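Report on the following structure.
The values are calculated or read from the model by the stated rules, or taken from the named source; none is laboratory data. Because the structure is a prediction, the values reported are computed rather than measured. Don't worry about glycine lacking a Cβ; one is built from the backbone with ideal geometry, like all the others, and counts go over all protein chains shown.
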There are 2 protein chains.
Amino acid sequence: MKRRGFLKGAAVAGLAGAAASSLPAPAISQGIKRWRMVTTWPKNFPGLGTGAELLAQLIEKGTEGKLQVTVFGGGEVVKPFDSMDAVAGGEVEMGHGAPYYWKQKAAATQFVTGYPFGLSAQEQNAWLQYGGGQELADEMYRAMGCKFFPSGNTGTQMGGWFNKEINSLEDYRGLRMRIPGLGGEVVKAAAGQPGTLPGAEIKPALDAGEIEATEWVGPYNDLAFGLHKNAKYYYYPGWHEPGTTLDNFINIQAWESLPDDQKAVVTAANTAVNQLVLSEFVARNNDSLKTLITKHGVVLKQFPDSVLAGFSVLAGQVVNDLASSDPMSRRVMDSLLGFRKEALAWTSLSETAFTAARFLYSYSEGN
Amino acid sequence: MKRRGFLKGAAVAGLAGAAASSLPAPAISQGIKRWRMVTTWPKNFPGLGTGAELLAQLIEKGTEGKLQVTVFGGGEVVKPFDSMDAVAGGEVEMGHGAPYYWKQKAAATQFVTGYPFGLSAQEQNAWLQYGGGQELADEMYRAMGCKFFPSGNTGTQMGGWFNKEINSLEDYRGLRMRIPGLGGEVVKAAAGQPGTLPGAEIKPALDAGEIEATEWVGPYNDLAFGLHKNAKYYYYPGWHEPGTTLDNFINIQAWESLPDDQKAVVTAANTAVNQLVLSEFVARNNDSLKTLITKHGVVLKQFPDSVLAGFSVLAGQVVNDLASSDPMSRRVMDSLLGFRKEALAWTSLSETAFTAARFLYSYSEGN
């Protein structure tokens, strides 16, 4: 916080090259770079904003303080969804958000976030790291002027908050709901009215009646925004975001200006944060869910199979339409569907068969 | 490989402090440390040995070559299961293996690997990183003279290779099977004859008839050893190892001799490798499984529910017996069972509900 205060007071320049000349002499002589990271999250928001802070810390520690990154919450430097423009244009060096926020610039980024009925977090990471996903995303982000890193995953999200029960797809007709990316396209196909809002604008939009329903992330994050105050039905599973990848995007010239060891530190820091953020969500969600239910009277509901199957049919159409309209989306979808087929087969024999087996017997009072 | 050849030719000293004085002058003047990492794996064995190599590469790149780590396969410097002694005693600085290989020194290490009917890889990482697991493991490893890092996870393993069908627990009676850690204790409780062998000794032991059955990891690794040549029934799920954590252990004085930035690089490198190894298994297992079935005639079988439930009862007894016999095991088990209760609840609503939902409809020809 001290460092941030200091930087806010100083004249903070944009690109690394430009910044060097405006830095005080001691910083230059020590070869210290000071970068700024804008985010789409409220400052220090649990898991998301703190994930961005953790990334900055790992980079600073790993480079012996030679690359210092100050993190800004959404709106502190630019509006959340202007983060990509700020980074690509060189106003700041780095950003942290989610790929589908940049769908206006590259529709295929929506697949990089994850897609309806697609891959779990573990499978999504495997696709990105060993299934060709990183290379495809790198190509998309380079065209936007950035280097891409997966930088956190929320795990399977919740399906959303509603002020009525969901018994059929008809209950989505006309529904004004905050739901971004391909999930939003599916809701649109179900005759709903989806919209995209940064996290911080969800609660005000609910309060003002501009939206009637929303999804955000899961119990840990949703409790923090107080979304239960506007809607009491909390649905699972998050069919639309089964393993949401967050992104760290770096201005391509700034990235290329880094020496190899700093590139290695930034790369490893992102891979580490990618896992640590997921672990934090897995470790914290259930406690928050219990608070929502026992303290705030939230009604936990599972989507009926008929609704999930209906969405799945629509999702297939949405995904195919997107792939037909855009060559890069076609390439990404082909890669993802091929990977998904293998992943589903293996997951069925491993995690799925195991998690079923451990319910066969009450292992302890804790089961 | 070149570097390794060079180092093998040179006099490679032990602890960092001792090494400095025996290094050639240029290395000293550049502040370069050369460490050795012994492993329990065959050199460059898929996922495991290559995970150790990746760790060494990330450390070297992130420290600008100031900390260079040469990786040795099991038996190249010491026998696989002598790795902990070699590291704790300062013969080498680092090791890579799995916590349960050190159960003779600290019984509770078996819980750090994972435990029968316990946590999936994702939950295991959450326990280690946000549920108190790292702190407990640090305490165990420090008592052994080492710093501990989680450094890879295999995901849910396969249940093993058998030359007969498994229809009841009776089929384990008298069975000579390679199965280490708490899984082995459970097999013993079912009147089997479990044993622990390093990976490289499994196939020879099967060939010699010393063991009749074995588990190792999963399709990607088991195919590499050719285990299908000795037993045609391949069972799932791996109830005994649902999310196996690998370990990187560092001589405590060597660890403490590192400057803070190198400690940060080593820490982030391990966190990154912890995820990358898991991703590699998730990405590669199914293709290897298809090869085993279609090319080698392996018969894939699921354990009957009655067998899984029977093992679950025995596992409860084994785990409780261990906790009653050893104060550290009690502390770890209490931590794990508390975490498990929360994790199971959340996983049921998220990953489990989602993976069921995506089978409601054939999303594409790929489903």
ask   = Does the range B:110-146 hold any residues that are surrounded by fewer than 24 Cβ atoms within 10 Å (Cβ to Cβ) and either under 30 Å from B:Val298 (Cβ atoms) or among the charged types (D, E, K, R) (or both), and which are they?
value = B:Glu135, B:Asp138, B:Glu139, B:Arg142
ask   = So A:Ile179 fits all but one of (1) touching a residue at least 40 places away in the same chain (Cβ under 8 Å); (2) out of contact with any Asp or Glu (no Cβ under 9 Å at 6 or more places or on another chain); (3) β-branched (Val, Ile, Thr); what number is the exception?
value = (2)
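Residue-wise test of (1) over 30 Å from B:Ser288 (Cα atoms); (2) assigned to a helix (DSSP H, G or I); (3) at the interface with another protein chain (Cβ under 9 Å from one of its Cβ atoms).
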{"position": "A:Lys290", "(1), (2), (3)": "yes, yes, yes"}
{"position": "A:Lys301", "(1), (2), (3)": "yes, no, no"}
{"position": "A:Leu314", "(1), (2), (3)": "yes, yes, no"}
{"position": "A:Gln317", "(1), (2), (3)": "yes, yes, no"}
request  = Select from the range A:345-360 the residues that are at pLDDT 90 or above and more than 7 Å from every other protein chain (Cβ to nearest Cβ) and write down the one among them that is nearest to the chain's Cα centre (by Cα).
outcome  = A:Ser348
ask   = Before we move on, is B:Asp326 within 25 Å of the chain's Cα centre (by Cα), of a type in the set (Asp, Glu) and over 20 Å from B:Trp127 (Cα atoms)?
value = yes
message = Would you confirm, using the coordinates I've provided, whether B:Val299 is aliphatic (A, V, I, L, M), modelled with pLDDT of 95 or more and farther than 20 Å from B:Gly51 by Cα?
response = yes
inquiry  = Given the condition buried (at least 24 other Cβ atoms within 10 Å of the Cβ), of a type outside the set (A, V, I, L, M, F, W, C) and more than 14 Å from every other protein chain (Cβ to nearest Cβ), answer yes or no: does some residue in the range A:159-168 qualify?
reply    = no
ask   = Restricting attention to the range A:241-271, which residues are within 10 Å of chain B (Cβ to nearest Cβ) and either outside any helix (DSSP H, G or I) or more than 30 Å from A:Phe117 (Cα to Cα) (or both)?
value = A:Glu241, A:Pro242, A:Gly243, A:Pro259, A:Asp260, A:Asp261, A:Gln262, A:Lys263, A:Ala264, A:Val265, A:Val266
message = Just checking, does the range A:62-78 include any residue being among the charged types (D, E, K, R), closer than 30 Å to A:Ala189 by Cα and in contact (Cβ under 8 Å) with a residue 24 or more places away in the chain?
response = no
note = Across (1) at pLDDT below 95; (2) surrounded by 17 or more Cβ atoms within 10 Å (Cβ to Cβ); (3) more than 13 Å from chain A (Cβ to nearest Cβ), B:Trp35 clears everything bar (1)
ask   = All but one of (1) over 19 Å from the mean Cα position of the chain (by Cα); (2) more than 25 Å from A:Pro194 (Cβ to Cβ) hold for A:Asn167; which doesn't?
value = (2)
request  = Could you tell me whether the range A:89-110 includes any residue that is within 14 Å of chain B (Cβ to nearest Cβ) and more than 16 Å from the chain's Cα centre (by Cα)?
outcome  = no
request  = Look at the range B:39-69 and say how many of its residues are touching a Phe, Trp or Tyr at 6+ places or on another chain (Cβ under 8 Å) and under 26 Å from B:Tyr100 (Cβ atoms).
outcome  = 9
query = Filter the range A:135-158 for residues that are under 21 Å from A:Phe281 (Cα atoms) and of a type in the set (Gly, Ala, Ser); which is nearest to the other protein chains (Cβ to nearest Cβ)?
reply = A:Gly155
remark   = Just one listed residue, out of B:Gln57, B:Gln68, is within 14 Å of chain A (Cβ to nearest Cβ), touching a strand residue (DSSP E or B) at 6+ places or on another chain (Cβ under 6 Å) and either surrounded by fewer than 24 Cβ atoms within 10 Å (Cβ to Cβ) or aromatic (Phe, Trp, Tyr) (or both), and it is B:Gln68
query = Residue check: is A:Lys61 over 16 Å from the mean Cα position of the chain (by Cα) and among the basic types (Lys, Arg)?
reply = yes
ask   = Which one is surrounded by the fewest Cβ atoms within 10 Å (Cβ to Cβ), of the residues in the range B:319-343 that are free of Cβ contacts under 8 Å to residues at least 60 places away in the same chain and within 12 Å of chain A (Cβ to nearest Cβ)?
value = B:Asp334
key: Entirely in the range B:59-166, the strands (runs of 3 or more DSSP E) that have 2 or more residues that are closer than 28 Å to B:Asp261 by Cα   = B:67-72, B:94-97, B:146-153
request  = Go through the range B:272-288 and give me each residue that's among the hydroxyl-bearing types (Ser, Thr, Tyr) and more than 9 Å from every other protein chain (Cβ to nearest Cβ).
outcome  = B:Ser288
task = Could you list, in sequence order, all residues of the range B:195-232 that are part of a strand (DSSP E or B) and either within 14 Å of chain A (Cβ to nearest Cβ) or surrounded by 23 or more Cβ atoms within 10 Å (Cβ to Cβ) (or both)?
result = B:Ala213, B:Thr214
